[in-house]
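Shown next, in structure tokens, is the structure this report addresses.
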Amino acid sequence: MRRRKLKDGVERLLAHRQWLIEAPETLKGKWATTSLDPPVHLEIGMGKGKFITTLAKENPDQYFVGLEMKEEVLLRGVEKAIELELHNIKFMWKNAQHLNEYFDSGEIFRIYLNFSDPWPKKRWAKRRLTHENYLKIYRKILGVDGELHLRTDNQGFFQDSINRLSGKGFQLKNVDLDLYRNRDEYTDQGIFYATTEYEDKFKEQGLPIYRLEAKPYSPTFSSL
Ligand SMILES: C[S@@+](CC[C@H](N)C(=O)[O-])C[C@H]1O[C@@H](n2cnc3c(N)ncnc32)[C@H](O)[C@@H]1O
């Protein structure tokens, strides 16, 4: 899909810089000492931010970070946080490639990958957010109770992610091949999970949404 760039997106985003973590590398190993006291929930590739801002609103005693590399969509997320008067969310205008420079072992409680770009061609595999290079980082930064939660409309990406996750020391659970079959919204043990902008579009078209949760095995898992 063609990217429509906002002409003054960068200036508008930087006008809200108090919502941004501009030098996250200075926080590595120190997240517990910041106002974003862990457990921290991190959405990677948050797009326009409906999911992460809704979770932040519904869970005021927990902390949320939305990471996105495109300023024009990140700006929409920041605007939502302002409108909702949230106090427990910050944003990173960054590329996920550098995540291990921002977080140390165990500093993240949940990672959310929602409708990540599938990069279907073989030569693009390294760009997938579930490529082994990323999984290694996720394993490290997730704490003992840490989990990765993934949703997608793309069957190929889902299958590829299952293979890579299970080969890289993640235990899969709650694998769902059609999340909204027989339900309008997704809840788990009383926790309501928000939808994303992409998800709303696919739901409306009646397309199946794939979902899974993945938990790292112990750090000594032999294939790492
Ligand atoms: C298909 S969109 C989905 C957006 C949102 N999660 C949703 O479900 O509505 C994928 C988003 O991930 C972002 N993204 C892809 N790779 C990224 C990376 N390496 N670092 C940060 N953001 C990334 C893209 O810029 C894009 O906004």
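The numbers here are math on the coordinates, done by the rules we state, and not lab data. Not measured: the values here are computed from a predicted model. All Cβ positions, glycine included, derive from the backbone under ideal geometry; neighbour counts span all protein chains shown.
If you rank Val78, Val144, Val175 by fewest surrounding Cβ atoms within 10 Å, what's the result?
Val144, Val175, Val78
When Ile44, Ile111 are ordered from fewest to most other Cβ atoms inside 10 Å of their Cβ, what list results?
Working: Ile44 23, Ile111 26.
So the residues, fewest neighbours to most, are Ile44, Ile111.
Would you mind ranking Leu13, Leu27 by Cβ crowding within 10 Å, fewest neighbours first?
Leu27, Leu13
Modelling each spin label as a point 7 Å along the Cα-to-Cβ direction, I'd like the Asp61/Arg181 distance in nm, to one decimal.
Each label point lies 7 Å from its Cα, and together they span 3.7 nm.
Residue-wise, which Karplus ³J(HN,Hα) couplings in Hz belong to segment 16-27, taking 6.51 cos²θ - 1.76 cosθ + 1.60, θ = phi - 60°, and x for glycine or proline?
The phi angles translate into 10, 5, 5, 8, 9, 9, 7, 10, x, 5, 6, 9 Hz.
List, in order, the whole-Hz ³J(HN,Hα) value for each residue of segment 208-215 obtained from phi through the Karplus relation with A = 6.51, B = -1.76, C = 1.60 and θ = phi - 60°; use x for Gly and Pro.
Those phi angles translate into x, 10, 8, 9, 8, 10, 9, 10 Hz.
Amide H neighbours of Tyr186 under 5 Å, at least 5 residues apart or on other chains, H built in the peptide plane: list them.
The list, which skips near neighbours in sequence, is Tyr193.
Could you check the simple spin-label distance between Leu207 and Glu132, using points 7 Å along Cα→Cβ, in nm with one decimal?
Roughly 3.0 nm, to one decimal.
What number in nm² do you get for segment 114-213 if you take the convex hull of its Cα atoms and divide its surface by four?
Spelled out: convex hull of the Cα atoms, projected over all directions, averaged, 6.8 nm².
Within segment 122-150, name every residue whose backbone N is under 17 Å away from a label modeled 7 Å from Cα of Asn95 along the Cβ vector.
The answer is 124-135, 137, whose backbone nitrogens lie closer than 17 Å to the label point.
Under 8 Å for C-alpha pairs, at least 6 residues apart: give me the relative contact order for the chain, rounded to a whole percent.
Relative contact order for the chain comes out at 20 percent.
Return the tail of the calculated pair distribution for segment 11-216, meaning the percent of Cα-Cα pairs more than 33 Å apart.
Cα-Cα pairs of segment 11-216 separated by over 33 Å account for 9 percent.
Gap in Å between the Cα centre of segment 52-113 and the Cα centre of segment 118-190?
Centre-to-centre (Cα) distance: 18 Å.
Efficiency by 1/(1 + (r/R0)^6): what FRET value for Asn163 and Lys7, r their Cβ-Cβ distance, R0 = 25 Å, to the nearest 0.05?
Here the calculated transfer efficiency is 0.05.
Taking amide H positions as placed in the peptide plane 1.01 Å from N, state which residues far from Tyr112 in sequence (5 or more) or on other chains have amide H under 5 Å from it.
Leu42, Glu43, Ile44, His149
In whole Hz, what ³J(HN,Hα) sequence does segment 72-88 give by Karplus (6.51, -1.76, 1.60; θ = phi - 60°), x for Gly and Pro?
Karplus values, whole Hz, x for Gly and Pro: 5, 8, 4, 3, 4, x, 4, 4, 5, 4, 5, 4, 7, 6, 6, 10, 10.
Among Ala23, Ala214, Ala81, determine the one that fluctuates most according to a GNM of the chain built with springs between C-alpha atoms less than 10 Å apart.
Residue with maximal mean-square fluctuation among Ala23, Ala214, Ala81: Ala23.
Take segment 47-123, compute every pairwise Cα distance, and split them into 10 Å bins from 0; I just need the percent in each bin.
For segment 47-123, the binned pair fractions read 17, 48, 30, 5, 1 percent.
Could you tell me the number of lysine pairs in segment 106-224 with C-alpha atoms less than 12 Å from each other, where the two lysines are 8 or more residues apart or belong to different chains? Don't jump to the answer; show the numbers that get you there.
Values: Lys136/Lys168; Lys140/Lys168; Lys140/Lys215; Lys168/Lys215; Lys173/Lys215.
Lysine pairs meeting the criterion: 5.
Name the trypsin sites (Lys or Arg not before Pro) in segment 169-212 that are in a loop by DSSP and that have at most 11 other C-beta atoms within 10 Å, would you?
Loop-located and lightly packed - Arg181, Arg183.
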